[in-house]
1. Under 6 Å between Cβ atoms, at least 6 apart or on separate chains: pull out the pairs that start in the range 93-110 with a residue that is closer than 20 Å to I173 by Cα and end on any residue that is among the basic types (K, R) and surrounded by 15 or more Cβ atoms within 10 Å (Cβ to Cβ).
2. Here's a check for you: in the range 166-192, which residue that is in contact with a Ser or Thr (Cβ under 9 Å, 6 or more places away or on another chain) and buried (at least 18 other Cβ atoms within 10 Å of the Cβ) is farthest from M225 (Cα to Cα)?
3. State which residue is farthest from the chain's Cα centre (by Cα) when the search covers only the range 78-131 and only residues that are at pLDDT below 90 and either in the same structural domain as Q157 (by TED's automatic domain parsing) or surrounded by 14 or more Cβ atoms within 10 Å (Cβ to Cβ) (or both).
4. Check off (1) crowded, with 20+ Cβ neighbours inside 10 Å; (2) of a type outside the set (D, E); (3) within 28 Å of F95 (Cβ to Cβ) for L143 and give me the number that stays unchecked.
5. Condition test on A163, is it surrounded by 18 or more Cβ atoms within 10 Å (Cβ to Cβ), aliphatic (A, V, I, L, M), without any contact (Cβ under 8 Å) to a residue 24 or more places away in the chain and within 18 Å of I101 (Cβ to Cβ)?
Amino acid sequence: MKLFWILFAVVACWLMVPTIFYLSSDNLEMAGQLGDLFGIVNALFSGLAFAILIVELHFQRQELKLTRQAMMDQKDQLKEQSEELKKQNYERLFFNLLYIINQEIDSVTGQREFENEEGFTLLRTVSMQIDSHITPQPSVAELTIELEKLFKKIIKQEFDIIAEKVWFLFKYIEKIGDNYGAETQIYEDILSNALTIHVHRILILYFLTSMGKNIKDVKDYAQKMQMNIDEMLRDHKKSFHL
């Protein structure tokens, strides 16, 4: 606003000075002074115009800087929104997989001798018969054979489909934590509570035998599912030299 009034004053002087001198004087000497003064005013006006140009460029530079900063802030905001959307997609897939696992467990049916049982109840029977029908074996290979026989005796479906999905979901929880720094404990607790202790026991044995998982990784699974691996394996831990 101050710049506007300065410009206004200079323009007014530029217009008024010639008029004043013209009305107040009619000799050549005064006309010469008028020309000199008019030249000074012209120079002042030109200098002010140059100054205005510099100020305008400064304002444009500031505006460009603010625009660039706003674009950077918007980019950061879009990145955060994108990361949050990815996290939501990971969570959605987690719950979808957990739902599928529970559906498949509920769909497990028994052979003729166990046809009155299904789902979690049937897997509880499998867990109990592991102790009553399988004696401790000297090696993992021999224990694997005995477990496969027991599964086929009791369950119509292949148990490996369920076991592989649970293992995938367990590792998927780690992926959520690694990629997004999310607290994995809540997902581990959800998985732990979604399955019964008998199902977890069968899974631990299946991971170590038919799926050939590393004992260290399976111990990690047991710990995060809040299970004691020694209690899960019981006498069969001898097969794994524990």
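1. If the second residue must be among the basic types (K, R) and surrounded by 15 or more Cβ atoms within 10 Å (Cβ to Cβ), the pairs left are I101/K165.
2. Top of the filtered list is I176.
3. The residue in question is D131.
4. Every condition holds for L143 apart from (3).
5. Here the answer is no, as A163 does not meet what is asked.
The values are calculated or read from the model by the stated rules, or taken from the named source; none is laboratory data. Keep in mind that this is a model prediction, so the values were computed, not measured. Virtual Cβ from ideal backbone geometry, glycine too; neighbours counted across all protein chains shown.
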